[in-house]
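Trainee: Here it is, the structure in full.
The values are calculated or read from the model by the stated rules, or taken from the named source; none is laboratory data. Note that the structure is a prediction, hence the values are computed from the model and not measured. Methodologically, a virtual Cβ is constructed for each residue, glycine included, from the backbone with ideal geometry; neighbour enumeration extends over all protein chains shown.
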Amino acid sequence: MDKKLKTRSEINQTDKWDIEAMYPDEKEWDADIKTGLTKAEIFAGYAGSLTKDSQRLLEVLKLRDEIWQTLEKAFVYARMRRDEDNTSEKYQAMTDRINTDLAKVSASMSFFTPELLETPQDVIEEYLAENEGLSIYKHAMDSLFREKAHVLTKSEENLLAQMSEITGATADIFTMLNNADLKFGTITDENGKPVELTHGNYITFMECHDRKVRKGAFDKMYQSYEALINTLATTYSFNTKTDVVSARIRKYTSSRAAALSGDNIPETVYDNLVSAVNQNLPALHKYMSLRKKLLGVDALQMHDVYVPLVTLPKRDIPFQEAVNIMLESLAPLGESYLEGVRQGISQGWIDVYENQGKTSGAYSFGSYDSKPYILLNYTDTLKDVFTLVHEMGHSMHSYFTRAVQPFVYGGHSIFTAEVASTVNENLLMKDLLQKETDPVMRKYLLNMHIESFRTTLFRQTMFAEFEALTHKTVEEGGSLTAQWLSQEYNKLNNKYFGPALAEDEYIQYEWARIPHFYRAFYVYKYATGYAAAAALSDAILKEGAPAKNRYLDFLKTGESDDPIELLKIAGVDMGSTKPVESAMEVFKNLVDEFERLV
């Protein structure tokens with residue numbers, strides 16, 4: 001029997017995050033915005049004299065941090081309040097207001113980087129040496145000057161800033177097509193009832209044990225994309241051209257070099273990932289052959305790829321039990337880590353259950369000055385336990401970083417953030433596997449772990465390979481037609497899944513439904529983060545205290561150095577192929593063990 005979804009007011013207070021701690025009185029929110037705007041006007045007055053002397057530079061940098069720290073807190077509060085219930089007009093309006101004010105402040109402060117970079121770097125280095133207060137900004141200054149060759153004149157930067165709404169149009173067009181205009185029709189579910197197919201329930205149907213349901217959902221989904229394939233190809237083509245032209249304007253050697261430059265990631269890291277994964281594709285092919293055998297199908301189709309090979313024994317896991325499972329699995333990270341997790345549970349970091357109007361999915365979010373909040377939509381499943389542990393990894397990363405780092409380094413790059421969340425997931429999986437005595441449940445967990453590798457390390461690398469190919473083609477004067485895109489994507493899909501997979505008429509259109517492709521050269525970070533997390537979680541369990549302490553030191557670093565250097569503190573060098581190769585060995589061993597058990 002369907003349960004009616006509760007309204008926000010019907011959710012127990014103990015199951016909500018303590019967001020009121022940010023602004024006990026919302027008049028303080030309004031005051032913070034006014035303070036930020038006032039300070040931004042003062043900041044604009046420094047134009048033309050930013051680097052007059054070391055003390056002036058310190059004043060400007062401190063004021064810049066104060067402005068963004070204040071406005072970040074106001075933005076996070078409004079956005080999270082809206083996420084509690086998206087139907088709330090009050091918080092819609094507050095979110096719109098802070099977004100408008102942030103754009104205004106950004107424009108008024110846009111002179112900062114070009115003007116700073118007009119000063120010779122050796123002068124800035126002299127200032128850093130003579131003024132102790134500036135010492136914390138050394139890495140920030142180094143990062144800015146590293147990009148100096150790619151920063152344009154003030155007038156050129158202003159022109160590009162004004163064009164940004166237009167250059168970002170392709171992503172907006174895709175979002176509207178994908179989320180508003182595309183309809184996938186109705187399919188028949190396993191109970192013989194008609195159900196509307198949506199983005200939200202598609203993966204549920206792909207995991208259904210009724211093959212007719214899987215095929216129905218798969219075909220309907222991709223028929224919808226096929227019907228718009230020329231429009232989607234044109235949209236993606238111009239998105240790629242925008243990347244290429246933007247990189248040329250800023251004098252980068254390629255669009256990929258431009259995308260990786262912000263984190264100072266060598267392009268060899270990208271190439272090493274693709275190379276190492278390609279060398280280990282036979283392990284994925286073996287798993288696909290095993291999948292075909294266990295499903296007992298004459299031909300393994302793409303709609304057979306996601307269904308679990310073992311049926312999960314039915315069991316609800318209430319939230320408090322999930323918390324206990326989390327605490328046990330994260331014990332190898334030590335008491336200081338567990339104390340932070342307990343604090344998160346008892347002090348209102350987590351918004352646990354779904355309610356009417358609440359944002360779907362899950363995330364970790366917060367400002368430098370707030371608790372590292374977690375939004376969940378917990379439904380008592382094992383997957384929800386993994387989601388809790390994953391998001392707690394992000395929040396604990398923020399917790400440790402903000403306790404040590406100044407505001408300027410209080411965030412994280414995606415390259416490092418995904419490591420913190422995935423280490424937690426790996427520790428949970430390893431703990432569950434170690435304790436599990438039921439053979440069916442053990443097989444289910446192994447299959448779940450294997451699928452995590454497949455969908456993150458293999459799939460995201462395949463996406464990365466596709467992005468590299470499309471951008472290189474445009475850079476060399478080629479065209480991204482619908483036929484070419486579909487043909488090249490199909491070749492990649494066949495290469496990754498191997499001979500066990502039968503030819504499919506629809507998978508060639510999958511590129512057309514991947515939102516990440518509109519933020520190019522981003523998905524590879526999921527794969528590198530997964531590989532790094534696999535290496536680190538193994539080290540923590542095998543070495544104990546030394547590896548744990550290195551990892552905790554890493555969690556405190558924020559953005560105080562380049563991501564590759566920060567991960568070396570934890571004990572993993574993503575500049576080498578070793579972490580990816582090590583992760584591939586884990587994958588092979590999992591497939592071998594699974595094969596023995598089934």
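Trainee: Kindly list the number of the only condition in (1) more than 19 Å from ALA502 (Cα to Cα); (2) touching a residue at least 40 places away in the same chain (Cβ under 8 Å) that fails for TYR222.
Mentor: Single failed check for TYR222: (1).
Trainee: Scan (1) in a loop (DSSP other than H, G, I, E, B); (2) out of contact with any helix residue (DSSP H, G or I) (no Cβ under 6 Å at 6 or more places or on another chain); (3) touching a residue at least 60 places away in the same chain (Cβ under 8 Å) for the single condition LEU480 breaks and write down its number.
Mentor: Condition not satisfied by LEU480: (2).
Trainee: Test each condition in (1) surrounded by fewer than 21 Cβ atoms within 10 Å (Cβ to Cβ); (2) touching a residue at least 40 places away in the same chain (Cβ under 8 Å) for MET22 and report the one that comes out false.
Mentor: Here MET22 clears every test but (1).
Trainee: Could you list all residues from the stretch 489-515 that are over 20 Å from HIS285 (Cβ atoms), touching a helix residue (DSSP H, G or I) at 6+ places or on another chain (Cβ under 6 Å) and not in a helix (DSSP H, G or I)?
Mentor: Of everything in the stretch 489-515, just one residue is over 20 Å from HIS285 (Cβ atoms), touching a helix residue (DSSP H, G or I) at 6+ places or on another chain (Cβ under 6 Å) and not in a helix (DSSP H, G or I), namely TYR506.
Table: residues versus (1) closer than 26 Å to PRO332 by Cβ; (2) in contact with a helix residue (DSSP H, G or I) (Cβ under 8 Å, 6 or more places away or on another chain); (3) surrounded by fewer than 24 Cβ atoms within 10 Å (Cβ to Cβ); (4) modelled with pLDDT under 95.
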| site | (1), (2), (3), (4) |
| --- | --- |
| GLN487 | no, yes, yes, no |
| ARG519 | no, yes, yes, yes |
| TYR526 | yes, yes, yes, yes |
| ALA531 | yes, yes, no, no |
| LEU536 | yes, yes, no, no |
| LYS548 | yes, yes, yes, no |
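Trainee: Sticking with this structure for a sec: Can you pull out every residue in the stretch 519-540 that is part of a helix (DSSP H, G or I), closer than 13 Å to ALA468 by Cα and of a type in the set (D, E, K, R)?
Mentor: Across the stretch 519-540, there are no qualifying residues.
Trainee: Then there's this: Considering GLU10, GLU66, GLU20, which residue is among the acidic types (Asp, Glu), at pLDDT 95 or above and more than 21 Å from ASN86 (Cα to Cα)?
Mentor: The match here is GLU66.
Trainee: Which condition does VAL440 not pass, out of (1) assigned to a helix (DSSP H, G or I); (2) in contact with a helix residue (DSSP H, G or I) (Cβ under 9 Å, 6 or more places away or on another chain); (3) touching a residue at least 60 places away in the same chain (Cβ under 8 Å), if it passes all the others?
Mentor: VAL440 satisfies all of (1) assigned to a helix (DSSP H, G or I); (2) in contact with a helix residue (DSSP H, G or I) (Cβ under 9 Å, 6 or more places away or on another chain); (3) touching a residue at least 60 places away in the same chain (Cβ under 8 Å) except (2).
Trainee: Considering only the stretch 352-359, I want to know if a residue exists there that is within 19 Å of the chain's Cα centre (by Cα) and touching a residue at least 40 places away in the same chain (Cβ under 8 Å).
Mentor: Yes, there is a match, as at least one residue in the stretch 352-359 is within 19 Å of the chain's Cα centre (by Cα) and touching a residue at least 40 places away in the same chain (Cβ under 8 Å).
Trainee: Related question: Quick one: is TYR46 in contact (Cβ under 8 Å) with a residue 40 or more places away in the chain and part of a loop (DSSP other than H, G, I, E, B)?
Mentor: no
Trainee: Now, a different point. Please specify each residue of the stretch 555-577 satisfying the condition of being free of Cβ contacts under 8 Å to residues at least 24 places away in the same chain and either β-branched (Val, Ile, Thr) or assigned to a helix (DSSP H, G or I) (or both).
Mentor: GLU565, LYS568, ILE569
Trainee: Got a sec? Which helices (runs of 4 or more DSSP H) wholly within the stretch 70-131 have at least 3 residues that are modelled with pLDDT under 95 and over 23 Å from GLY410 (Cα atoms)?
Mentor: Passing ranges, in order: 89-108, 112-118.
Trainee: Next up: Let me spell it out: the conditions are (1) under 18 Å from the mean Cα position of the chain (by Cα); (2) crowded, with 21+ Cβ neighbours inside 10 Å, and LEU446 meets all of them except one. Which number is the exception?
Mentor: (1)
Trainee: I'd like the residue in the stretch 393-426 that is surrounded by fewer than 22 Cβ atoms within 10 Å (Cβ to Cβ) and β-branched (Val, Ile, Thr) and, out of all such residues, is farthest from the chain's Cα centre (by Cα).
Mentor: VAL404
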